[in-house]
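> One structure coming up, written as structure tokens, with questions to follow.
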Amino acid sequence: MGIEPKLDIDYLKTESDPNQRCVIDYIKFATTYTSYLVGKRTLIKHLKHNKGASIFDKITPSDEAFAVLVFENNKEVWDEQHEEEMKKRSAAMDDEAAPFDDAATGPDRKKPRWTAAQSGCKNVLFQTNWDQEGKERFNALQKIFHHICTGMFQ
């Protein structure tokens with residue numbers, strides 16, 4: 001029981017304008033992923049104490065850029081994990097099916113695009129596991145979101 005950070009976007013729903021569909025998809029993405037970066041409790045507290053405020057009053061272009069970066073970085077890994085889970089469920093439902101064999105193991109498994117964290121290893125203090133290309137992608141995304149945010153409110 002608690003207040004979930006949600007936006008009423010029903011007024012935007014129209015099939016005739018693809019730009020509005022884009023806005024709806026972006027709002028859903030931002031409210032789903034950036035709310036975890038800010039922290040659900042912090043966001044809920046902000047929304048309770050600032051009537052009429054939205055998540056967009058609390059998140060920054062850096063938050064949005066990082067959410068997109070993490071999504072892009074891990075999408076292939078998550079897709080593979082989802083596919084494996086669906087195969088396991090399908091095999092479990094089919095009594096005659098052979099036991100599920102996880103073919104994607106070891107070097108064949110999908111890996112994140114820009115991070116190379118080693119399992120079981122701790123990060124060195126103030127060191128990042130993002131490679132240079134990932135850092136450059138973050139900077140580019142941050143500029144895009146900064147431009148969008150400043151353009152929207154001028």
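> Would you mind checking the pairs 110/143; 75/135; 40/135 and listing those with alpha carbons more than 19 angstrom apart? Let's see the in-between values first.
Working: 110/143 29 Å; 75/135 17 Å; 40/135 26 Å.
From 110/143; 75/135; 40/135, over 19 Å: 110/143; 40/135.
> I want to check the label-to-label distance for residue 29 and residue 129. Put each point 7 Å from Cα in the C-beta direction and report it in nm to one decimal.
Result for the modelled spin labels: 2.4 nm.
> Additional query: Using amide H atoms built 1.01 Å from N in the peptide plane, name the residues 5+ places from residue 111, or on other chains, whose amide H lies under 5 Å from its own.
none
Read-outs throughout are calculated quantities, based only on the coordinates presented, and are distinct from any laboratory measurement. Keep in mind that this is a model prediction, so the values were computed, not measured. So basically every Cβ, Gly included, is an ideal-geometry build from the backbone, and we count neighbours across all protein chains shown.
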